[in-house]
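**Student:** My questions all concern the structure below.
Quick note: the coordinates plus some simple rules give every number you see, no bench work behind them. Treat the numbers as computed from the prediction; the structure is a model and nothing was measured. Don't worry about glycine lacking a Cβ; one is built from the backbone with ideal geometry, like all the others, and counts go over all protein chains shown.
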């Protein structure tokens, strides 16, 4: 059993690392499709994909900066055994495994689903850390690409208010309260 699991672990790590190398300078195909408004799942509302892009960017940032980083950190701690790590992975990733592909990243979702399933089979914390570190790097690469394609120029329509405008808003709110 351990040899079979180790073979699956090594194969998974090789596949993830090959994808990491592939997308280092070349945009992932699913990110390219998303950037061009191709969502075969039909995700998004009002025939647009901006809301999907916002949601995916947030999910990928959370996976990259928090979830996989935390899993690596916890995997290094003696007090956590494989049973705990499996439980944490299942709890932390269940929703992401269900939505990442639907919202436009099917290639990444395949890796995430495979990771999710493989965690049940890995026997040692070393194997767990190998596959988790690979996913951490892959997820960060994807997050980087999503960050690059995000239409940041839209932010010019969301100007911050100045102190005079704060005061005017405060006065409007207090007037409404007095009327109620």
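**Student:** Quickly work out the residue 161-to-residue 175 label distance, labels modelled 7 Å from Cα along the C-beta direction, and quote it in nm with one decimal.
**Tutor:** Calculated label separation equals 1.3 nm.
**Student:** In region 126-180, how does Rg compare with the Kirkwood Rh, expressed as the Rg/Rh ratio over alpha carbon atoms?
**Tutor:** Dividing the radius of gyration by the Kirkwood radius yields 1.45.
**Student:** Still on this structure: By the gyration tensor of its Cα atoms, with a ≥ b ≥ c the square roots of the eigenvalues, what is the shape of region 73-180: rounded for a/c under 1.5, prolate for a/b over b/c, or oblate?
**Tutor:** Since a/c reaches 1.5 and a/b is larger than b/c, the shape of region 73-180 is classed as prolate.
**Student:** A follow-up question, please. Compute log10 of I(q)/I(0) for region 33-79 with the Debye formula, placing one identical point scatterer on every Cα and leaving out solvent, at q = 0.17 Å⁻¹, to two decimals.
**Tutor:** Those come out to -0.59, one per q.
**Student:** Relative contact order for region 32-120 using alpha-carbon pairs under 8 Å, separation at least 6, rounded to a whole percent?
**Tutor:** 31
**Student:** Taking 0.36 nm per residue of separation and subtracting the Cα-Cα distance, what length does fully extending residue 14 through residue 76 add?
**Tutor:** Length gained, residue 14 through residue 76: 20.1 nm.
**Student:** Could you state, as a whole-number percent, how many of the C-alpha pairs of region 103-145 are farther apart than 11 Å?
**Tutor:** Distances greater than 11 Å cover 67 percent of the Cα pairs.
**Student:** Work out, in µm²/s and without decimals, the Stokes-Einstein translational diffusion coefficient of region 1-76 at 10 °C, 1.306 mPa s, Rh from Kirkwood over C-alpha pairs.
**Tutor:** 104
**Student:** Let me ask you something else. Once you keep just the Cα pairs under 8 angstrom separated by 6 or more residues, what percentage relative contact order results for the chain?
**Tutor:** 35
**Student:** Let me ask another. Using 0.36 nm times the number of residues separating residue 22 and residue 47, minus their current alpha carbon distance, what extension gain do you get?
**Tutor:** Here the segment from residue 22 to residue 47 would lengthen by 5.9 nm.
**Student:** Still on this structure, please answer the following. Given the options 168, 123, 15, state which has the largest fluctuation in a GNM of the chain using a 10 Å cut-off (strictly under) for Cα springs.
**Tutor:** Fluctuation is largest for 168.
**Student:** Which whole-angstrom value gives the distance between the alpha carbon centres of region 15-34 and region 43-94?
**Tutor:** 19
**Student:** With the crude spin-label approximation of a point 7 Å out along Cα→Cβ, what separation in nm comes out for residue 147 versus residue 94?
**Tutor:** Calculated label separation equals 3.1 nm.
**Student:** As a check on your grasp of the helix formula, calculate [θ] at 222 nm for the chain: sum -39500 (n - 2.57) over DSSP H runs of n ≥ 4, divide by the residue count, round to the nearest 500.
**Tutor:** Helices in the chain give a 222 nm mean residue ellipticity of -22500 deg cm²/dmol.
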